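Notes follow once the structure below has been shown.
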Amino acid sequence: MQSYAEAELRNPTLRWLLYSLLLIVCVVEQVRISRRHLNRHEIDARSLKLAQEMRDADVTYFMRDPHEIGTETPLDAAAMWASMKANRPTVNGYSSREPTNYVKPNKYASLEELLRYLGESWHGRLAVVHLAPPYRTELYEVRAGTDGVGRATLIRVTPSAAR
């Protein structure tokens, strides 16, 4: 841009105007009138409820309400905070660099998808918390292996307080 301005605009005042205009465009392009933000109090309250659902599991997945598609960020933020509060990992979360086999946030994840994501060597207790009616938590015992869904045994289903 500078070499073009130097070659085509011999008048220093015109170059100064061009550079000023470019600077203004760059600054205005960065301005956001209404910032999207999360309500920290709502996230904290929800994360406390979600953390209670994680207590018997080695890893937890919070299955979102299909009617809340498009509002993944608040759930993922609450799930990440719940994970820290419960000192347990969660499959939920958000990253701009999702792995290719990551559970996609815009749909329900099947048990098979969760087990594929966790990998063949993963074993332990997996909690799947359903955040749509009927609210419930399914706790699975998972063996290592390549059996797909066959490596998971449902231990119990309990009503969930997490909403």
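Just so it is clear, none of the values below were taken in a lab; they were calculated from the coordinates. Bear in mind the structure is a predicted one, so any value in this text is a computation, not a measurement. Quick reminder, even Gly has a Cβ in these numbers, built from the backbone with ideal geometry, and neighbours come from all protein chains shown.
Structural remarks
- In this simple spin-label model, placing a label point 7 Å from the Cα along the Cα-to-Cβ direction at both Arg55 and Thr153 gives a separation of 2.4 nm.
- GNM top mover of Val129, Val142, Val31 - the chain, alpha-carbon springs below 10 Å: Val31
- Förster radius 30 Å - calculated FRET efficiency between Arg32 and Leu9, Cβ distance, rounded to 0.05: 0.40
- Whole-number percent relative contact order across the chain, with pairs defined as alpha carbons under 8 Å at least 6 apart: 21
- Proxy reagent accessibility, fewest Cβ within 10 Å first, across Tyr135, Tyr140: Tyr135, Tyr140
- Residues of region 72-89 with an amide N closer than 16 Å to a point placed 7 Å from the Cα of Arg40 along the Cα-to-Cβ direction: 77-78, 81-82.
- Put simply, the amide H of Met63, placed in the peptide plane, has neighbours under 5 Å in Val129, His130, Leu131, leaving out anything fewer than 5 places away on its chain.
- Helix screen, the chain: DSSP H segments with Cα axial length of 15 Å or more and mean Kyte-Doolittle hydropathy at least 0.5 are 12-30.
- Pairwise label distance in nanometres, Tyr117 with Val25, each label 7 Å out on the Cα-Cβ vector: 4.2
- Peptide ranges 144-150, 75-81 listed from the most packed, as the mean C-beta count within 10 angstrom indicates: 75-81, 144-150
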